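Nothing in this text is a laboratory measurement; each read-out follows from the coordinates by a stated rule. The model shown is predicted, which means the values in this text are computed figures rather than measured ones. Glycine also receives a Cβ, built like all others from the backbone with ideal geometry; neighbour counts cover every protein chain displayed.
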Amino acid sequence: MTGAAPAQIKAIHVLKSQCGLSDADYRAHLRERFKVASSKDLTFDQAGVLIDDLRALGGRASVRTSARRASGKYAPVLQALWLAGYNLGVVENPDDAALLAFVKRQCKVDHDRFLTDGAEAAKAIEALKSWIGRDVGIKWATKAEADRLGCTVANLNKQRVLHVLAQRLTVNGLPGFDIESYALLEGFGRVDTLLDSALDKLAAKMGAMLRERLGRKG
């Protein structure tokens, strides 16, 4: 098996410097992704993959300071699901650091920045959906369902999170909790007309209520 070419080694170090990746994060990525300690130990094909990884990071600012913050291509989807799990009482820690630990377990990468392939990212996304769904019985929306209702998949999922939250509040100290009445009372309006940001705020309020009744901190 052919080793990494000198030109590849040079490109790797130039790209590492350009994207601001710390030496510790770089070494950790080599160990986790390729099982090597140095770029000189890479095969020609592995070096090509690493170059693609580093190019995917290029131009992103403050990589060093964001080591514990999700910031990759699939971060918005992962963060939305993680916070949904937190509000529903499934996830205990809402911080990105906990999300990144979950991603590492599922995808064997040190940071979600390295999830540049949809199939790889799907391992974490689908595992998170399955975990939350198994615990609280939520049915995640499909594109066909969202199209039929004239909204996005993300918006429909957020609505469904609210309805499951209402069910969980009903069985945890607030019998008969009605999501539509609560949303109107709190000044949000009808749930099916709310934008994503308003749905997030409403979920956060209801999630805090649920965690209090479940005896959770935060």
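Summary table below
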item	result
Choice from LEU174, LEU156, LEU30 showing the highest fluctuation, given a GNM over the chain with Cα pairs closer than 10 Å	LEU174
Those trypsin sites (Lys or Arg not before Pro) in segment 156-190 that DSSP places in a loop and that have at most 14 other beta carbons within 10 Å	ARG190
THR170-THR152 pseudo-label distance in nm [points 7 Å out on the Cα-to-Cβ vector]	2.9
With Cα atoms, 0 to 90° folded angle of helix 6-19 axis to the chain main axis	40
R0 of 35 Å, Cβ-Cβ distance LYS10-TRP131: FRET efficiency to nearest 0.05	0.25
Separation between Cα centres of segment 1-48 and segment 142-218, rounded to whole Å	45
Helix 44-57 axis, angle to the chain major axis (alpha carbon atoms, nearest 10°)	50
Residue-averaged 222 nm ellipticity for the chain, from DSSP H runs of 4+ at -39500 (n - 2.57), nearest 500	-18500 deg cm²/dmol
C-alpha long axis of helix 196-213 to longest principal axis of the chain, angle in °	70
Whole-Hz couplings from phi, Karplus 6.51/-1.76/1.60, listed for segment 69-79; x for Gly and Pro	10, 5, 8, x, 4, 9, 4, x, 5, 5, 5
Burial order of peptide ranges 135-148, 36-49 (average beta-carbon count within 10 Å, highest first)	36-49, 135-148
Footprinting exposure proxy for VAL14, VAL91, VAL103 (fewest neighbouring C-beta atoms within 10 Å first)	VAL14, VAL91, VAL103
For GLY3, residues with placed amide H under 5 Å, excluding near neighbours	PHE44
